[in-house]
Amino acid sequence: MTQKTARLPRTTFLPFSPPDITNEEINEVIETLRSGWITTGPRVKEFQEQFAEAVGAEAAVAMSSCTAALHTSLVIHGVQEGDEVITTPLTFCSTVNVIEHVGARPVLVDVEQHTLNIDPEKVEAAITPRTKAVIVVHYAGHPVDLKAFKRISEKYGIPIIEDAAHAFGSKYEGVPIGQSQNLTAFSFYATKNLTTGEGGMLTGPKELVDCARRLALHGMNRDAWKRYDQAGSWYYEVEEPGFKYNMTDIQAAIGLVQLRRFEKMQARRREIVEMYQKAFANHDDVICPTKSDHVEHSWHLYVVRFNLERLNRSREAIIEGLKDLNIGTSVHFIPVHLHPYYSKKYAWRERDFPVAYENFRRMVSLPLSSRMSDSDAEDVIEALRTVIQA
Ligand SMILES: *Cc1c(COP(=O)(O)O)cnc(C)c1O
């Protein structure tokens, strides 16, 4: 049983990461529904252009998800059966599922302790003649060491694909994530910093992004979506068997408004993070996230790690204690190698990737969203203090 305090338990449950949707998004969706054009159309085009401008990318294509964007990236780079793709164990399953989808073999490489990002030195050590790509994940929004990966990419002639599901709003040495020459995949899933409900965006060099644009709509040649428009034509040609990975104008309507509100939402996120950092900076049992000086952090996640040995309790007990006080949390992520499909297929064991595993055991993601009030954040701080002191 968790001890009760003056402010706790909260009267209402604080969800881990609710979407920040206002009347502006709602009205834009209604207008789209009334416009007569509800699938890929003018709003998607506008969203792509504005997003590309926001990150300074040469080109961008809106897609149905980040997973779709990652899958398409592997196809564009010609990754196939017999190939190897290096990635991190500390990611959402879709980063690795897409490697399976193209028939290649995922090669996991452990993360580094500070940022929990994939370790470039270990990546270099894992390269073989079969390595056809590396997928890096900007974990929680902290950019990976892009300079080191650029060097690896040039030295071995291997493309780097960036899983930037957490990293819209992040910068590396002053440059927004999404501006590199790598194909970069963003997610607009409901919990992400910018949401369209479901959705994603692929940015990169124009030639590769145009290829993705075609693959995302059955492999039909360009602007095929215009075929029902007055200015369009019924005629199209299929140049290769593509996918159905396009975004709808209904989603883009939400995205356009979220893009306008983004800086404000990020500012609020940073204020909540400040409160957490202040509260736990000098705590013996809670290890706060830190960031390197040369990056800007999007703060998609606020992941704390516990000194379980000193606390003499499990991470599960802490999560349950917080839940008793009406505080929602999550864990990012169950390392890929622990999922039954992967552990069976590749005979991976818990400690094959010890840094990912040891950190997974002691991590919790605290509630973080631009919808949180100061009072919500204070509840989280007091609840966590109460639970770990109990
Ligand atoms: C959310 C997420 C994805 C998947 O994004 P979708 O848009 O839901 O496909 C991929 N990678 C990471 C690291 C994620 O957090």
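The values are calculated or read from the model by the stated rules, or taken from the named source; none is laboratory data. What you see is a predicted model, and the numbers here were worked out from it, not measured in a lab. Methodologically, a virtual Cβ is constructed for each residue, glycine included, from the backbone with ideal geometry; neighbour enumeration extends over all protein chains shown. What goes into the accessible areas is simple: the full protein's heavy atoms, side chains included, and nothing from ligands, DNA or RNA. Shrake-Rupley method; radii C 1.70, N 1.55, O 1.52, S 1.80 Å.
Each row is one residue, and each column tells you yes or no for (1) of a type in the set (S, T, N, Q); (2) within 16 Å of the ligand (Cβ to nearest atom); (3) open to solvent by less than 10 Å² (accessible area, probe 1.4 Å).
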{"residue": "54", "(1), (2), (3)": "no, no, no"}
{"residue": "57", "(1), (2), (3)": "no, no, no"}
{"residue": "65", "(1), (2), (3)": "yes, yes, no"}
{"residue": "88", "(1), (2), (3)": "yes, yes, yes"}
{"residue": "94", "(1), (2), (3)": "yes, yes, no"}
{"residue": "97", "(1), (2), (3)": "yes, yes, no"}
{"residue": "126", "(1), (2), (3)": "no, no, no"}
{"residue": "143", "(1), (2), (3)": "no, yes, yes"}
Name the residues in segment 274-286 that are open to solvent by less than 10 Å² (accessible area, probe 1.4 Å) and assigned to a helix (DSSP H, G or I), would you? 276, 280
Residue selected from segment 236-273 under the condition touching a Lys or Arg at 6+ places or on another chain (Cβ under 7 Å) and modelled with pLDDT under 95, by the criterion surrounded by the fewest Cβ atoms within 10 Å (Cβ to Cβ): 239
Boolean, residue 380 is within 25 Å of residue 110 (Cβ to Cβ) and in contact with a strand residue (DSSP E or B) (Cβ under 9 Å, 6 or more places away or on another chain): no
Out of the residues in segment 157-168 that are more than 11 Å from the ligand (Cβ to nearest atom) and either open to solvent by 10 Å² or more (accessible area, probe 1.4 Å) or in a loop (DSSP other than H, G, I, E, B) (or both), state the one that is farthest from residue 74 (Cα to Cα). 168
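Conditions (1) more than 9 Å from the ligand (Cβ to nearest atom); (2) touching a helix residue (DSSP H, G or I) at 6+ places or on another chain (Cβ under 9 Å), marked per residue:
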residue	(1), (2)
170	yes, yes
175	yes, yes
190	no, no
197	yes, yes
201	yes, yes
205	yes, no
215	yes, yes
Given the conditions (1) assigned to a loop (DSSP other than H, G, I, E, B); (2) surrounded by fewer than 21 Cβ atoms within 10 Å (Cβ to Cβ); (3) touching a residue at least 12 places away in the same chain (Cβ under 8 Å), and given that residue 289 satisfies all but one, which numbered condition is not satisfied? (2)
Note on segment 292-319: residues within 13 Å of residue 366 (Cα to Cα) and either part of a strand (DSSP E or B) or open to solvent by 30 Å² or more (accessible area, probe 1.4 Å) (or both) are 303, 304, 305, 306, 319
Matching residues, segment 128-141, being assigned to a strand (DSSP E or B) and away from the ligand (no atom under 16 Å from the Cβ): 131, 132
If a residue counts only when it is of a type in the set (Phe, Trp, Tyr), which strands (runs of 3 or more DSSP E) contained entirely in segment 49-121 have at least 3 such residues? none
Would it be correct to say that residue 35 is surrounded by 13 or more Cβ atoms within 10 Å (Cβ to Cβ) and in contact (Cβ under 8 Å) with a residue 40 or more places away in the chain? yes
When the residues of segment 177-188 are filtered to those that are in a loop (DSSP other than H, G, I, E, B) and within 16 Å of the ligand (Cβ to nearest atom), which remaining residue is most open to solvent (accessible area, probe 1.4 Å)? 182
Could you tell me how many of the residues in segment 109-123 are out of contact with any His (no Cβ under 6 Å at 6 or more places or on another chain), over 20 Å from residue 183 (Cα atoms) and away from the ligand (no atom under 12 Å from the Cβ)? 8
